[in-house]
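The values are calculated or read from the model by the stated rules, or taken from the named source; none is laboratory data. Worth saying up front: this structure is predicted, and the values here are computed from it rather than measured. We place every Cβ from the backbone using ideal geometry, glycine too, and count neighbours over all the protein chains shown.
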Amino acid sequence: MNRSFPLIRTVGLLVLVLACCWQRPRLAWCEPAVESSSSRVDRLLSAEIFAQLSPGQLAPPTGDLTYLRRVWLDLLGHLPPPEEITAFVLSKDPQKRANLVDRLLNDPRFGRNWGRYWRDVILYRRTEERAMATSRILTEYFAGHFQANTPWDQIASEIITATGEVRESGSTAIIVAQAGEPENTAAEIARIFMGIQIQCAQCHDHPYDRWKRQQFHELAAFFPRVAVRPTRATGERGFQVVADDQPPRRRGKKKANRRVRGTLEHYMSDLENPTAQGQMIQPALFTTGQKLDVGVTDARRRGTLAQWVTSDNNEWFSKAIVNRLWSELIGEGFVEPIDDLGPDREPQAPRTFDFVSAEFARNGYDIKWLFRTIMSTEAYQRESRPRRQSADSPFTASRPQPLRSDQLFDVFLQVVEADQRQPDNAFRKNTRQTGPNGPRSVFQNMFGYDPSQPREEVTASIPQALVLMNSAQVNRAIRGGKPWGLGKWLREIEGDRTLVHELYLRCLAREPTAQETKTCLSYVKRTRDRRIAFEDILWTLINSVEFRYRI
C-alpha cells in the first residue's frame, strides 16, 4: 500500500476546496468544436426568446463542478472520479470544456450509455414480449455504431431494411418488437425516425393532425412482406426477420394483414365490412407524397422507404433526432412530447430548431457533431432550475433529469467500487447477470422509464426509495468492513473532514458545503463509532435526490 496516498489526496482536496471557495466561476462557455453553429444557435435563441426576458429570468452559467458532473453523466452515464474533478477545476485551459467533450465522445462508455438509451426507446413500446431477447444485441448494435460515429441515416436505413436472426442482428429490433406487423412497424418507424405519431390514423383520419387514414396504410404498405419466424439453430429456439416475395402456397380465404408468413400486398380494411379483404394500398411516404408501384419486391420496397425517410427532402428525419437529443441534454425539447412532431405543431424557437436540424443534415447526419454543437451552447451550460411552468419562457436554464436505470446502477457500482474486479465481491459477481433476477434487471424494473416519456411524468415512487434504503444488497455494498470502497477509505484516510469531502466527491462530484461538513462531523463525533458513522453518511448520500438526478 502507498502510505503517502492519504497525504497526497488531502493536499489535493485542500487545493480543490481553496479553488472552489476563492475562485468565483467566470463566464467560461465551452469553446465549440463547430463554433459558428453553436454561436449561431445562441444568437438565434437570444433573438427568439431571451431578448424579451427581464433580469433574473435567464439562469447564469454553471460552475466547473456542476458542468463536469453533467457532461460525464450525459455522455458516459458515470460520475467523474475525484482526480478528474481536481484536475478539471484547477485547469486554466480556456478550451478545457471543449476538450472534455471531445475526449468523452471517444470513450467506449459513450457508445454503451447511448446504446442502452436507444434500446429503451425501441423496447419500451414493444407489442411482442419475445423482443426482449434482442436487448443485449440491440445495445451492442447501437454502441458500436455510436462509437464508430456511423451517420444517423445509415443506422436508420439498416433498421428499416433489416433481416436476420434477432439474437445476432440488433437492427431487427423494431420489427421484432412489433411482431412484424406492418401497421405497428410503420407506426414505430414514423415515431422514432420522423418524430411523428401517425398511429392515430390507423382506423380513422387523425383527430388532431392533417394525416389521413389512407396515408397511414400507405406507409404500412412498405412492410407486408416482412414476418418474424421461429428458428431452431444448434438446438436453441430463436426468431428471425424474413422477407418473402413468394405468393402464399395455400389457396383459400385471405385474412387481410393478419398473417404468419406475410402477404404480398397490404390491404386497408373496410370499416363497414371488417371481414372483407379490404382495399389494396399503394406504398407512399406521407411526409413527402412520394409513391412506389404495387408489386415491387420487399428489398426495393423497404430500400426505397429508407432512402425517402433519410433524404434531405424529408425535414422530419433530422428534426426528430435533433429534438430528442436537445431535450435529453437541455432538459426540454423544441416540441414536447419529443416524438410528437409534425406540421401542425408549433415548436419553441422555430428558427433555432430549423437551423440545428438543417446543419445536422448538412454535416452528414454526424451524431457526435450534434452532441458537440448542443453541448457547446450557452443553453446547455446554464445552471439548473426546476422544470418550468407552461407560461414561463423555454431554455432559460438546464432542467433536472432523473438518471435512467442503467445510469443509476452504474453510478452506484462506481461509488461503492463494486465495478472493480474484486475476487471476493459478491455484488460484483452478479452485476453481469442478465436474467430477470439479476441486479441490473432489478434496477431496470424498478427505476426504468420510457425515454420518450415527458420528464414531468416520470415520478419517484415509494418502492424505488425502499430499494436504495432497505435493499440488503445495497446495504452490504456500503459496509465499511470490506477491503474496497468505504472500508479502504476508512483505512487510508485518517482525517474525518477529509473523508467527508472524499465521499461527497465520489457520490455527488462536488465538495460539501460548510454546513454539510459541520453536520457530518458532528454526527461522526456523536456516534463515536467511525465506521458506523461513515456508513450512515454514505447511505444518506446514495439516498439523496441529488444522487439520482443529473442537474
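Pairs please, first residue from the range 169-181 and in the same structural domain as Pro230 (by TED's automatic domain parsing), second anywhere and outside any loop (DSSP other than H, G, I, E, B) and among the polar types (S, T, N, Q), Cβ atoms under 6 Å, 6+ apart in sequence or on different chains.
Ala173/Thr134; Ile175/Thr185; Val176/Thr134; Gln178/Asn184; Gln178/Thr185
Okay, residues lined up against (1) assigned to a helix (DSSP H, G or I); (2) of a type in the set (A, V, I, L, M, F, W, C); (3) without any contact (Cβ under 8 Å) to a residue 24 or more places away in the chain:
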{"site": "Ile85", "(1), (2), (3)": "yes, yes, no"}
{"site": "Val101", "(1), (2), (3)": "yes, yes, no"}
{"site": "Phe110", "(1), (2), (3)": "yes, yes, no"}
{"site": "Val121", "(1), (2), (3)": "yes, yes, no"}
{"site": "Thr127", "(1), (2), (3)": "no, no, no"}
{"site": "Thr134", "(1), (2), (3)": "yes, no, no"}
{"site": "Glu140", "(1), (2), (3)": "yes, no, no"}
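Is at least one residue of the range 187-198 under 22 Å from Thr263 (Cα atoms), polar (S, T, N, Q), at pLDDT 90 or above and assigned by TED's automatic domain parsing to the domain that holds Gly170?
Within the range 187-198 (the criterion being under 22 Å from Thr263 (Cα atoms), polar (S, T, N, Q), at pLDDT 90 or above and assigned by TED's automatic domain parsing to the domain that holds Gly170), the answer is no, since none of the residues qualifies.
Hey, any hits in the range 473-487 for a residue that's closer than 24 Å to Asp64 by Cα, assigned to a helix (DSSP H, G or I) and not assigned by TED's automatic domain parsing to the domain that holds Gly77?
Step one: list which residues in the range 473-487 are closer than 24 Å to Asp64 by Cα, which gives none.
No, the range 473-487 has no match at all.
Would you pick out the residues in the range 266-293 that are more than 13 Å from Thr304 (Cβ to Cβ) and in a loop (DSSP other than H, G, I, E, B)?
Ser269, Leu271, Glu272, Pro274, Thr275, Ala276, Gln277, Gly278, Phe286, Thr287, Gly289
Name the pairs: first residue in the range 336-351 and in the same structural domain as Ile198 (by TED's automatic domain parsing) and under 25 Å from Ser38 (Cβ atoms), second residue assigned to a loop (DSSP other than H, G, I, E, B) and modelled with pLDDT under 95, Cβ to Cβ under 7 Å, at least 6 apart or on different chains?
Listed pairs, sorted by first residue: none to list.
If we scan the range 344-360, do we find a residue that is of a type in the set (Val, Ile, Thr), out of contact with any Gly (no Cβ under 8 Å at 6 or more places or on another chain) and within 23 Å of Asp102 (Cβ to Cβ)?
Looking for residues that are of a type in the set (Val, Ile, Thr), out of contact with any Gly (no Cβ under 8 Å at 6 or more places or on another chain) and within 23 Å of Asp102 (Cβ to Cβ), one finds at least one in the range 344-360, hence yes.
Against the condition within 30 Å of Val121 (Cβ to Cβ) and surrounded by fewer than 17 Cβ atoms within 10 Å (Cβ to Cβ), how does Asn543 come out, does it pass?
Spelling it out, Asn543 is indeed within 30 Å of Val121 (Cβ to Cβ) and surrounded by fewer than 17 Cβ atoms within 10 Å (Cβ to Cβ).
So Phe334 fits all but one of (1) surrounded by fewer than 22 Cβ atoms within 10 Å (Cβ to Cβ); (2) under 19 Å from the mean Cα position of the chain (by Cα); what number is the exception?
(1)
In the set Thr540, Thr517, Thr513, which member is outside the structural domain of Leu65 (by TED's automatic domain parsing), polar (S, T, N, Q), within 26 Å of Pro400 (Cα to Cα) and in contact with a His (Cβ under 8 Å, 6 or more places away or on another chain)? Even if it seems obvious, please write down each step before you answer.
Working: Thr540 fails: in contact with a His (Cβ under 8 Å, 6 or more places away or on another chain); Thr513 fails: in contact with a His (Cβ under 8 Å, 6 or more places away or on another chain).
Going through Thr540, Thr517, Thr513 in turn, just one is outside the structural domain of Leu65 (by TED's automatic domain parsing), polar (S, T, N, Q), within 26 Å of Pro400 (Cα to Cα) and in contact with a His (Cβ under 8 Å, 6 or more places away or on another chain): Thr517.
Would you be able to tell me the number of residues in the range 294-314 that are closer than 17 Å to Ile192 by Cα, in a helix (DSSP H, G or I) and without any contact (Cβ under 8 Å) to a residue 24 or more places away in the chain?
Counting residues in the range 294-314 that are closer than 17 Å to Ile192 by Cα, in a helix (DSSP H, G or I) and without any contact (Cβ under 8 Å) to a residue 24 or more places away in the chain gives 1.
Is it fair to say Val474 is of a type outside the set (S, T, N, Q) and in contact with a strand residue (DSSP E or B) (Cβ under 6 Å, 6 or more places away or on another chain)?
It is false that Val474 is of a type outside the set (S, T, N, Q) and in contact with a strand residue (DSSP E or B) (Cβ under 6 Å, 6 or more places away or on another chain).
Could you list, in sequence order, the residues of the range 401-421 that are part of a loop (DSSP other than H, G, I, E, B) and at pLDDT below 95?
Within the range 401-421, the subset part of a loop (DSSP other than H, G, I, E, B) is 403-404, 416-421.
Correct list: Val416, Glu417, Ala418, Asp419, Gln420, Arg421.
This table checks each residue for (1) crowded, with 22+ Cβ neighbours inside 10 Å; (2) touching a Phe, Trp or Tyr at 6+ places or on another chain (Cβ under 9 Å).
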site	(1), (2)
Gln95	no, no
Asn99	no, no
Leu104	no, yes
Arg119	yes, yes
Arg125	no, no
Thr139	yes, yes
